[in-house]
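The values are calculated or read from the model by the stated rules, or taken from the named source; none is laboratory data. Small disclaimer: the values here were computed from a predicted structure and weren't measured. Cβ sites come from the backbone with ideal geometry, for glycine too, and all protein chains shown count toward neighbours. Only protein heavy atoms, including side chains, enter the accessible area calculation; ligands, DNA and RNA are left aside. Shrake-Rupley method; radii C 1.70, N 1.55, O 1.52, S 1.80 Å.
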Amino acid sequence: MKIDHLRITKQFNKRLLELPSGKQARVKEALKKACDDIRDPQLRMHLLKGDFAGTVSFSAGGDLRIHCRLVKEDGELVAILQSVGTHSQLYR
């Protein structure tokens with residue numbers, strides 16, 4: 001299963017631009033992998049619960065995580081990118 005489209009929110013873009021260039025590159029690589037196959041085991045994708053219910057989290061390497069919502073639109077899978085950061089930044 002692959003992601004057909006990425007929709008970037010202002011919050012995601014802001015958080016991405018705050019990251020050092022090396023981490024930005026890791027995020028872009030993880031997004032490419034997700035677009036090819038969201039089941040790639042390196043992504044460690046999983047659904048979140050509680051306050052983050054309905055959100056999916058996946059790895060961009062190390063402690064860097066990407067949060068998004070996956071929705072079907074006109075038969076295509078769209079990832080609405082919500083936030084990016086370390087585990088402690090995202091879950092405070």
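Some points to look at:
- Close Cβ contacts (under 8 Å, 6 or more residues apart or on different chains) running from residues in segment 1-25 that are more than 17 Å from C68 (Cβ to Cβ) to residues that are modelled with pLDDT of 95 or more and exposed (fewer than 13 other Cβ atoms within 10 Å of the Cβ) are absent.
- Being more than 10 Å from the chain's Cα centre (by Cα) and at positive phi holds for only one residue in D74, D40, and it is D74.
- Residues being surrounded by fewer than 13 Cβ atoms within 10 Å (Cβ to Cβ) and in contact (Cβ under 8 Å) with a residue 24 or more places away in the chain - total across segment 38-61: 1
- If the condition is being within 16 Å of E29 (Cβ to Cβ) and either assigned to a loop (DSSP other than H, G, I, E, B) or open to solvent by 50 Å² or more (accessible area, probe 1.4 Å) (or both), then segment 62-77 contributes G62, D63.
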